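Right, one structure below, let's go through it.
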Amino acid sequence: MISSVYNYLFSRSPANPNSDPNQTSINQTRSLSTNNKPLNYSSFHPNLKPVFQQLDSISPRFIINPENITILNDPKVFYKTLITKISTAKSRVFLTSLYMGKTQYELIEVLDKALSDNEDLKIDILTDALRGTRESPEAASSATLLLPLVEKFGQHRINIRFYHTPHLSGLIKSITPRRINEGWGLQHMKLYGFDNEIMLSGANLSNDYFNDRQDRYYIFKDQPLTDYYYNIQAIINSLSYQLLPSSKLPSGFKLSWPTSNKSCEPHLNLHRFIQDSSYLLDPILKQHNTKPNEEEPTDFDTVVYPISQFTPLFPDQNDRSTEKPAILRLLAYLDSSSNIKWWFTAGYFNMLPQYQDKLLNSKHSSGTVITASPKANSFYKSSGVSYYLPQAYLLFAKRFLEQIQKLNKQDFIKVFEWENGVVNTPNGWSYHAKGIWITTPDDDEPSMTIIGSSNYTKRAYSLDLESNAVIITKNPELKKQMKHEIDNLLIHAKPLRLADFNPKPINNDQPIPEKAQAEAEERETTPTVYQIDEDKKISYGVHLLVRLLGGKM
């Protein structure tokens, strides 16, 4: 608390280290364009030229050797890769996730051994404060799991940070139940870095993501790109609490605001915090460090654009985030020619209306949507309000199907439900993959994809921190791997149609309600009773829930 007050009163603004120490806000957020040099994209499909030009104006650009991009498809392989790369890292490991599962003892042991075996290794871990301390002090949490590493190695070798949304504090926080308070915003990025490699994913660091939860995982072996995401995490670290031991608190730990942080605690001066955070983030979202007179290759086939959404950390009406504008420009490409194919997937289907409009109203493209069946939703048959979430996402899918029918696009846009057993039962999987793929005209394999943490929802563009990447390639092998990724997701997917929500005759061996039996006997007919399939029912309460909380889902 003392350090927070010190920062609030005396810390100098990052805008100008020589500024008046009593200044409490940055007067102005500077406007930057990217420092991308013009490149010749003539070897790519001509329709992609305006896409490159537009993305060049939004985001830093990295030329990547496609042989240095690896796509994983299995959660067990994801976990094995994570363990191996932590164990063999020479200088740095940085992990950014919503949370770390409170029983991931093996992962803690691997981190412990890596630090013990290599004195040069430093580890940075960033998670969310609300999710990562939800159970404390009554039970184990991400914080109590990680605490022994800090106690053993010190915060200078293992720096563990907890981001807290600036928009929840005071009375509202004190009276809001812990599972509900996450509706004000979370640290949602998933960045897993090891020396000069970065893995982008939608997966968190817990047991289900390591075993039976389908997600996506891309590994880039490229130092400049890895440095870029490392710097993203470093900035958010400097605006987050640090985990430290405490013998005075029942939990055994405290979340401290270091004097080295780049702003004051948000609850002390929200305006100051937002101005500082926006000033720190704006340059890195637009630019990446380049060496003087550094020349980019002229013969290349794969380009990566990092895109991020940090809306909660920017002032209202001056959001400098790059994810939403980049995706809107990609989706505008769908109208550039006929015979373009696209695929969209999200485990939690609540598509941003602007994206939905682009996909539904593209004149010449055809697309496929993959979403989770209620039985593949991690909230299936859970307790409390979350019990209704699978139905809520099903309602969004139904409304999307209704729009397809209204626009007479049934032949051009197909919706599939992913289901592999029943979640939380033996051999049952959940679905958490999210992404977009797009082809060039008359091609069956995608040339573009988006990989990362975003669910493409209203929430992602208003409440949470997200980080992703756009990949554009003409490399045949990489395109083939991207198409294989889609095909792998479709193995467990089946078509979802509006007719699936209609009542159907129940089986003859099911009990018939007395009223239906009496009416049938009166007409001297065989009673027929119709009902909606259990996993397609949407209660009236769910409609109310969506109306109240749709933007937070």
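Any chance you could count how many residues in region 376-415 are at pLDDT 95 or above, open to solvent by 40 Å² or more (accessible area, probe 1.4 Å) and within 21 Å of the chain's Cα centre (by Cα)?
Total satisfying the criteria: 0.
Out of all the residues in region 105-128, is one or more in a loop (DSSP other than H, G, I, E, B), open to solvent by 60 Å² or more (accessible area, probe 1.4 Å), farther than 22 Å from GLU197 by Cβ and of a type outside the set (Phe, Trp, Tyr)?
No, because not a single residue in region 105-128 is in a loop (DSSP other than H, G, I, E, B), open to solvent by 60 Å² or more (accessible area, probe 1.4 Å), farther than 22 Å from GLU197 by Cβ and of a type outside the set (Phe, Trp, Tyr).
If you go through region 271-321 one residue at a time, how many are under 23 Å from GLU466 (Cβ atoms), part of a loop (DSSP other than H, G, I, E, B) and open to solvent by 20 Å² or more (accessible area, probe 1.4 Å)?
Kept after step one, since they are under 23 Å from GLU466 (Cβ atoms), are these residues of region 271-321: 273-289, 302-321.
Those still in the list that are part of a loop (DSSP other than H, G, I, E, B) too: 287-289, 310, 314-321.
Imposing the further condition that a residue be open to solvent by 20 Å² or more (accessible area, probe 1.4 Å) reduces the set to 287-289, 315-320.
Count: 9.
Checking GLU265 against (1) in a strand (DSSP E or B); (2) open to solvent by less than 30 Å² (accessible area, probe 1.4 Å): exactly one of these is not met. Which one?
Going through the list (1) in a strand (DSSP E or B); (2) open to solvent by less than 30 Å² (accessible area, probe 1.4 Å), GLU265 breaks only (1).
Look at SER11 and say whether it is modelled with pLDDT under 95, surrounded by fewer than 17 Cβ atoms within 10 Å (Cβ to Cβ) and among the small types (Gly, Ala, Ser).
Against the criterion (modelled with pLDDT under 95, surrounded by fewer than 17 Cβ atoms within 10 Å (Cβ to Cβ) and among the small types (Gly, Ala, Ser)), SER11 does not qualify.
Being assigned to a loop (DSSP other than H, G, I, E, B) and in contact with a Lys or Arg (Cβ under 8 Å, 6 or more places away or on another chain) is the filter here; which residues of region 167-183 pass it?
ARG178, ARG179
Among the residues of region 212-223, are any part of a helix (DSSP H, G or I) and either open to solvent by less than 10 Å² (accessible area, probe 1.4 Å) or at negative phi (or both)?
Within region 212-223, one or more residues are part of a helix (DSSP H, G or I) and either open to solvent by less than 10 Å² (accessible area, probe 1.4 Å) or at negative phi (or both).
Among the residues that make up region 228-236, is at least one of them touching a helix residue (DSSP H, G or I) at 6+ places or on another chain (Cβ under 7 Å) and surrounded by fewer than 17 Cβ atoms within 10 Å (Cβ to Cβ)?
yes
Could you tell me which residue of region 129-166 is nearest to LEU249 (Cα to Cα), considering only residues that are outside any strand (DSSP E or B) and basic (Lys, Arg)?
ARG134
State yes or no: is LYS37 out of contact with any strand residue (DSSP E or B) (no Cβ under 7 Å at 6 or more places or on another chain) and modelled with pLDDT of 95 or more? Steps first, answer last, please.
Working: out of contact with any strand residue (DSSP E or B) (no Cβ under 7 Å at 6 or more places or on another chain): yes; modelled with pLDDT of 95 or more: no.
Criteria not met by LYS37.
Considering (1) surrounded by 19 or more Cβ atoms within 10 Å (Cβ to Cβ); (2) in a helix (DSSP H, G or I), say which one TRP342 fails and leave the rest.
(2)
Looking only at region 53-84, filter to residues that are in contact with a strand residue (DSSP E or B) (Cβ under 7 Å, 6 or more places away or on another chain) and in a helix (DSSP H, G or I); which one of those is most open to solvent (accessible area, probe 1.4 Å)?
ASN68
Can you name the number of the only condition in (1) open to solvent by 40 Å² or more (accessible area, probe 1.4 Å); (2) modelled with pLDDT of 95 or more that ASP335 fails?
Exception for ASP335: condition (2).
Looking at region 471-488, which of the residues that are surrounded by fewer than 17 Cβ atoms within 10 Å (Cβ to Cβ) and among the acidic types (Asp, Glu) is nearest to the chain's Cα centre (by Cα)?
ASP487
Quick one: would you say SER454 is modelled with pLDDT of 95 or more, assigned to a loop (DSSP other than H, G, I, E, B) and touching a strand residue (DSSP E or B) at 6+ places or on another chain (Cβ under 9 Å)?
In short, yes.
Being assigned to a loop (DSSP other than H, G, I, E, B) and without any contact (Cβ under 8 Å) to a residue 40 or more places away in the chain, is that true of even one residue in region 184-194?
So far as region 184-194 goes, no, none of its residues is assigned to a loop (DSSP other than H, G, I, E, B) and without any contact (Cβ under 8 Å) to a residue 40 or more places away in the chain.
The values are calculated or read from the model by the stated rules, or taken from the named source; none is laboratory data. Not measured: the values here are computed from a predicted model. Don't worry about glycine lacking a Cβ; one is built from the backbone with ideal geometry, like all the others, and counts go over all protein chains shown. Heads up: the accessible areas ignore ligands, DNA and RNA and are worked out on the full protein's heavy atoms, side chains in. Shrake-Rupley method; radii C 1.70, N 1.55, O 1.52, S 1.80 Å.
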